[in-house]
Amino acid sequence: MSYFPDVPKIVYEGPTSQNPLAFRHYNPDEIVAGRSMKDHLRFAVAYWHTFRGTGSDPFGPGTMLRPWEDGTDSVAMAQKRVRVAFEFIEKLGCPFYCFHDRDVAPEGKTLAESHQNLDAVVRVLKEEQQRTGIRLLWGTANLFSHPRFLHGASTSCNADVFAYAAAQVQKALEVTLELDGANYVFWGGREGYVNPYNTDLRRELDHLAKFLHMAVDHKKKIGFTGTFLIEPKPHEPTSHQYDFDCANAMAFLRTYGLEKEFRFNVETNHATLAKHTMMHELLYASGYGMLGSIDANRGDPLLGWDTDQFPTDLYTAAQVMLVVLGQGGLGAGGLNFDAKVRRESFEPIDLFYAHIGGMDAFAQGLKIAAAIRQDGALTEFLQQRYASWDNGIGAEIEAGKHSFETLTAYMLQKGNPAPNPSGRQEMLENIINRYL
Ligand code: XLS
Ligand code: NI
Ligand code: NI
């Protein structure tokens, strides 16, 4: 039984190929900068968008044609959908996938029933993982769709909702372990607030930290060795999401003694919603050894929300890969396409085009970044720019040998600082463009 009978296995045909169902740049076994493309990029398909996305938007209902759907939200349909998903992921040649508990299995009438539903689907996921060799990059719990979470989950004013969320995360974590997931993600969902008059902000943040500490305890208890990842996002659905950006989330983690237990899953569209570039967020996380994984997508510069489009911008892809190569890879992390086809792209084949485009963009970004690094022009310039810190007064300051008073004495004697070098922004941007 095939759900995509007209689509062959997607293969690499090279940059001159005109075949829209082939890779022009993603050549999984090709070695770039000492490692195969497959190992550098570690692509993942996002179950929620690709297999649960309907195409609905605030102005109208879903549009997606998904011939395998029978219109029910049954466990049987969920199990069948897993077969569809794995046929898709296998044909695409994508090594990983990611899911929320409620994407893969329907919510039951009670927590116990939800757990049972999940177990029934996890059996099929496991079977398909074994059959195909496709692996779980990360699992997570959906703590934002059901109306019980309307005030948030661990930051809800309702203590029972905190307890429910704890039970749900415990289960999702255990399922992730069972499926040998490489990471577990915490995106804030509705952890944040809209109205300052009905919100005890400090109390909610204390509760969020308590919840994450419990998650860490349970992780250790069950022996899950994957990485815990926080996925910051500044707004949406709430006005003030508690994990605003990497810098804010770092401050939160450190405040509550959690910084050693978490890293970040950085998403392009979240970075831009925070009025950052993706590269800024990645550099920040990476600079502190906190970059764990990436949600690769993009926003629409003319729309102010998380449009989750497929990443096709080579410039951004190259910047992302510059940072990833700069830190020696993503380790157990990967590039998850947290992206959905447009409402107007409603046929199943569009799912292939979308992922092929994203994979090719990042494969090209990888090659561009590797070439830039090989050439060394950027790294040399950067080193040069900070040369005043390599010896003399700069090195002494870095070594902690100075105070305001000794620096005053130094400057009084010297009179004026050495002249500044040019920043050479335009020249550097031209260098990048040489490789595009
Ligand atoms: C939503 C988030 C979400 C997370 C997983 O904006 O990107 O999809 O990646 O909960
Ligand atoms: Ni998002
Ligand atoms: Ni995401």
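Values computed for the structure shown
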read-out: Average Cα contact separation per residue, segment 191-289, under 8 Å, 6 or more apart, as relative contact order %; value: 28 percent
read-out: Gain upon complete extension [residue 390, residue 63; 0.36 nm per residue less C-alpha separation]; value: 111.7 nm
read-out: Sites residue 56 and residue 240 - FRET efficiency at Förster radius 41 Å, r taken between beta-carbons, to 0.05; value: 0.95
read-out: Most mobile of 170, 364, 425 in a GNM of the chain (Cα contacts under 10 Å); value: 425
read-out: Centroid-to-centroid separation of segment 99-156 and segment 385-427 [C-alpha atoms, Å]; value: 55 Å
read-out: Separation of alpha-carbon centers, segment 189-263 and segment 65-97, rounded to whole Å; value: 32 Å
read-out: FRET efficiency estimate (nearest 0.05) - Cβ-Cβ, residue 205 to residue 13, R0 45 angstrom; value: 0.30
read-out: Nitroxide proxy distance, nm - points 7 Å out along Cα→Cβ at residue 313 and residue 408; value: 4.8 nm
read-out: Pair residue 2, residue 110: separation of 7 Å Cα→Cβ label points (nm); value: 4.5 nm
read-out: Antiparallel DSSP beta bridges within the chain, percent to nearest 5; value: 20 percent
read-out: The chain: relative contact order in percent, alpha carbon pairs under 8 Å with at least 6 residues between; value: 16 percent
read-out: Pairs from 9/340; 210/233; 171/220; 126/219; 171/340 whose Cα-Cα separation, in the structure shown, is over 25 Å; value: 171/340
read-out: DSSP-loop chymotrypsin sites (Phe, Trp or Tyr not before Pro) across segment 357-436, with at most 13 other Cβ within 10 angstrom; value: 386
read-out: Nearest-0.05 FRET efficiency for residue 35 and residue 424, computed from C-beta distance (R0 41 Å); value: 0.85
read-out: Accessible area (Å², per residue) of the chain, counting only protein heavy atoms and a probe of 1.4 Å; value: 48 Å²
read-out: Low-density loop positions, trypsin sites (Lys or Arg not before Pro), segment 382-416 - DSSP coil, at most 14 other Cβ in 10 Å; value: 401
read-out: Within a Gaussian network of the chain (alpha carbon springs, distance under 10 Å), most fluctuating of 260, 210, 91; value: 260
read-out: Apportionment of accessible area to carbon and sulfur, the chain, percent (1.4 Å); value: 53 percent
read-out: Partner lysines for residue 401 [C-alpha distance under 25 Å; skip if fewer than 8 residues away on the same chain]; value: 414
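The values are calculated or read from the model by the stated rules, or taken from the named source; none is laboratory data. All figures in this text were calculated on a predicted structure; none of them were measured in a lab. Don't worry about glycine lacking a Cβ; one is built from the backbone with ideal geometry, like all the others, and counts go over all protein chains shown. Calculation scope for accessible area: heavy atoms of the full protein, side chains included, ligands and nucleic acids excluded. Shrake-Rupley method; radii C 1.70, N 1.55, O 1.52, S 1.80 Å.
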